[in-house]
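Written below as structure tokens is the structure these notes are about.
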Amino acid sequence: MFEDFYSTFATVSLTVTGLWMYVASSRFRDWMADRDHFRRASAISVQLAFPGLMCLFALIDSASSTLWRFSFGITSAVAVVLLVSLNRRSAARWVRSNEVGNWLAAALFACICVVALSPEIVDEVMSAAPRRVEFFLFCLLLLDGLVVAWMMLFAEAQDTADRA
């Protein structure tokens with residue numbers, strides 16, 4: 001069961017990341033001109049790619065709880081640090097949808113880290129299997145990244161229309 005989810009989710013997550021990279025590359029000049037915009041796009045990349053990377057790490061040995069706990073814990077902690085630092089390094093406040101999506105993603109990654117480091121908490125609080133909770137959190141992260149990316153593209157279209 002774990003292998004099926006990990007392989008499917010890694011494929012979906014990294015495919016969506018690739019599509020996002022295509023969008024980013026087509027707007028590279030515009031987004032590089034505004035470092036804050038580039039940071040917002042980078043935060044979306046983290047939200048989309050890191051869950052897929054965690055699934056790839058877990059596929060190395062899907063039966064090993066030590067491997068998934070270690071890889072999910074470390075990768076999630078790195079994601080939180082990246083998301084917070086991207087937000088903090090910005091000169092101006094982010095667009096509301098990016099800011100909310102970024103903090104939501106940081107909270108979801110923190111939850112993944114907690115579940116990975118201490119899976120017994122999930123069992124005590126929710127009577128659920130820790131990996132199933134991780135699966136749910138991955139899906140929420142992907143949804144959050146897609147919504148924020150969508151909002152970012154339409155906010156940019158609106159800004160362009162306002163200038164015309």
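Read-outs throughout are calculated quantities, based only on the coordinates presented, and are distinct from any laboratory measurement. It should be emphasised that the depicted structure is a prediction, and the values quoted were computed from it without experimental measurement. With ideal geometry, Cβ positions are generated from the backbone for all residues, glycine too; neighbour counts draw on all protein chains shown.
Can you go through Ala49, Ala43, Ala24, Ala10 and tell me which one is hydrophobic (A, V, I, L, M, F, W, C), in contact with a helix residue (DSSP H, G or I) (Cβ under 7 Å, 6 or more places away or on another chain), closer than 20 Å to Arg88 by Cα and assigned to a helix (DSSP H, G or I)?
Criteria check complete, one pass: Ala43.
Please specify each residue of segment 78-128 satisfying the condition of being of a type in the set (D, E, K, R) and free of Cβ contacts under 8 Å to residues at least 40 places away in the same chain.
Result: Arg88, Arg93, Arg96, Glu99, Glu120, Asp123, Glu124.
Looking at (1) charged (D, E, K, R); (2) in contact (Cβ under 8 Å) with a residue 40 or more places away in the chain; (3) not in a helix (DSSP H, G or I), which is the only condition Arg69 fails?
Looking at each condition in turn, Arg69 falls short on (3).
Mind checking which residues of segment 105-154 are farther than 25 Å from Val84 by Cα and of a type in the set (Gly, Ala, Ser)?
The answer is Ser127, Ala128, Ala129.
Go through the residues of segment 14-22 one by one and say whether even a single one is among the β-branched types (Val, Ile, Thr), loosely packed, with under 15 Cβ neighbours inside 10 Å and either over 23 Å from Ile112 (Cβ atoms) or within 15 Å of the chain's Cα centre (by Cα) (or both).
For segment 14-22, residues among the β-branched types (Val, Ile, Thr), loosely packed, with under 15 Cβ neighbours inside 10 Å and either over 23 Å from Ile112 (Cβ atoms) or within 15 Å of the chain's Cα centre (by Cα) (or both): present.
Would you check if there is a residue in segment 117-127 being of a type in the set (Ser, Thr, Tyr) and surrounded by fewer than 17 Cβ atoms within 10 Å (Cβ to Cβ)?
Yes, that holds for at least one residue.
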